[in-house]
Amino acid sequence: MMVFSSPSSPRSTRPPRSPIWNILVCTIIGGFTSVIYDFEILLHMVSGGTLMVFIITAIAVLILSYDLTEEVPSSPSSSEKTPLTSSSSSLGKSKFLFTVAMSLFLGTAILLTALVAYANQSTRVIIFEVCLGLPILGSLAFIKWKVPLNDDEEQLTFKSPGKPFVPGFCVVINLFLLFHLEARALVQLLVYSAIGLFIYFGYGIFHSKITLAKQKKMDGIEASMEELVASSLDLDEIKPS
């Protein structure tokens with residue numbers, strides 16, 4: 001099913017191309033579901049899924065907009081390492097800072113929107129909610145001025161002005177709307193989100209064409225470096241003493 005649904009529309013002139021079979025299958029399933037499900041239940045379920053898609057897209061825009069591929073510079077003591085070892089990437093400073101800031105932002109945003117949706121709005125609660133807004137703004141400002149922007153135009157498929165504040169506020173607003181749905185809709189959202197994550201981490205992440213292409217490229221580079229190191233060692237062995 002995954003291979004069958006992967007071909008995209010030949011009419012699309014620029015990536016990302018529309019997955020025509022995915023759209024067709026989902027349209028048929030959606031039309032059949034609308035016949036057998038109660039309209040109110042279906043309305044809340046679709047609303048929850050739409051809001052979740054908006055949240056994921058805004059987070060993806062933030063991740064793709066910043067350069068998280070920075071490598072940690074090698075120390076002087078590691079100067080004797082082979083080029084293959086020294087060129088391997090690790091958790092760079094930018095990636096670490098971005099991960100910490102995004103974790104603070106998302107955790108605080110979920111807590112704030114849940115309080116606004118469910119808590120009794122007393123004076124103390126309102127003051128606490130205002131205080132929660134400070135780390136949200138602070139984490140976005142930290143990303144703005146401390147994490148370098150991504151200059152790779154091929155990865156910037158989704159662009160947004162006012163980064164990271166516009167995508168960040170999009171996440172907060174959609175979380176706020178999400179928590180105002182019925183409890184049944186939230187449970188349904190969690191169930192089919194868990195199914196989607198299971199399919200992605202069980203199949204999609206290992207069969208992504210982009211991931212496989214990058215892995216093939218890295219394997220080629222590593223093989224070339226190993227051949228270069230081996231040839232240099234052979235030359236050292238045949239040198240006259």
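The values are calculated or read from the model by the stated rules, or taken from the named source; none is laboratory data. Just so it is clear, the model here is predicted, and its values are computed rather than measured. Neighbour counts run over all protein chains shown; Cβ positions are idealised from the backbone, glycine included. What goes into the accessible areas is simple: the full protein's heavy atoms, side chains included, and nothing from ligands, DNA or RNA. Shrake-Rupley method; radii C 1.70, N 1.55, O 1.52, S 1.80 Å.
For region 48-69, how many residues meet the condition of being more than 26 Å from Asn150 (Cβ to Cβ) and open to solvent by 40 Å² or more (accessible area, probe 1.4 Å)?
At the first step, the residues of region 48-69 found to be more than 26 Å from Asn150 (Cβ to Cβ) are 48-51.
Now narrow it down to the ones that are open to solvent by 40 Å² or more (accessible area, probe 1.4 Å): 50.
Going through region 48-69 one residue at a time, the tally reaches 1.
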Identify, by number, the condition in (1) open to solvent by 60 Å² or more (accessible area, probe 1.4 Å); (2) over 22 Å from the mean Cα position of the chain (by Cα); (3) at pLDDT 80 or above that Ile36 doesn't meet.
(3)
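Does at least one position in region 112-119 carry a residue that is part of a loop (DSSP other than H, G, I, E, B), open to solvent by less than 40 Å² (accessible area, probe 1.4 Å) and of a type in the set (A, V, I, L, M)? Quick ask: steps written out before the conclusion?
If we filter region 112-119 for residues that are part of a loop (DSSP other than H, G, I, E, B), which is where we start, we get 119.
Right, trim to open to solvent by less than 40 Å² (accessible area, probe 1.4 Å) and you get 119.
Next, from what is left, pick out any that are of a type in the set (A, V, I, L, M): 119.
Yes, region 112-119 contains at least one residue that is part of a loop (DSSP other than H, G, I, E, B), open to solvent by less than 40 Å² (accessible area, probe 1.4 Å) and of a type in the set (A, V, I, L, M).
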May I ask you to list pairs of residues, at least six apart or on different chains, whose Cβ atoms are under 8 Å apart, with the first in region 110-136 being farther than 24 Å from Leu51 by Cα and the second being in a helix (DSSP H, G or I)?
Val125/Leu115; Phe128/Leu115
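Could you please let me know if Ser139 is of a type in the set (Gly, Ala, Ser), open to solvent by less than 40 Å² (accessible area, probe 1.4 Å) and touching a residue at least 60 places away in the same chain (Cβ under 8 Å)? Before the answer, list the steps.
Working: of a type in the set (Gly, Ala, Ser): yes; open to solvent by less than 40 Å² (accessible area, probe 1.4 Å): yes; touching a residue at least 60 places away in the same chain (Cβ under 8 Å): no.
Spelling it out, it is not the case that Ser139 is of a type in the set (Gly, Ala, Ser), open to solvent by less than 40 Å² (accessible area, probe 1.4 Å) and touching a residue at least 60 places away in the same chain (Cβ under 8 Å).
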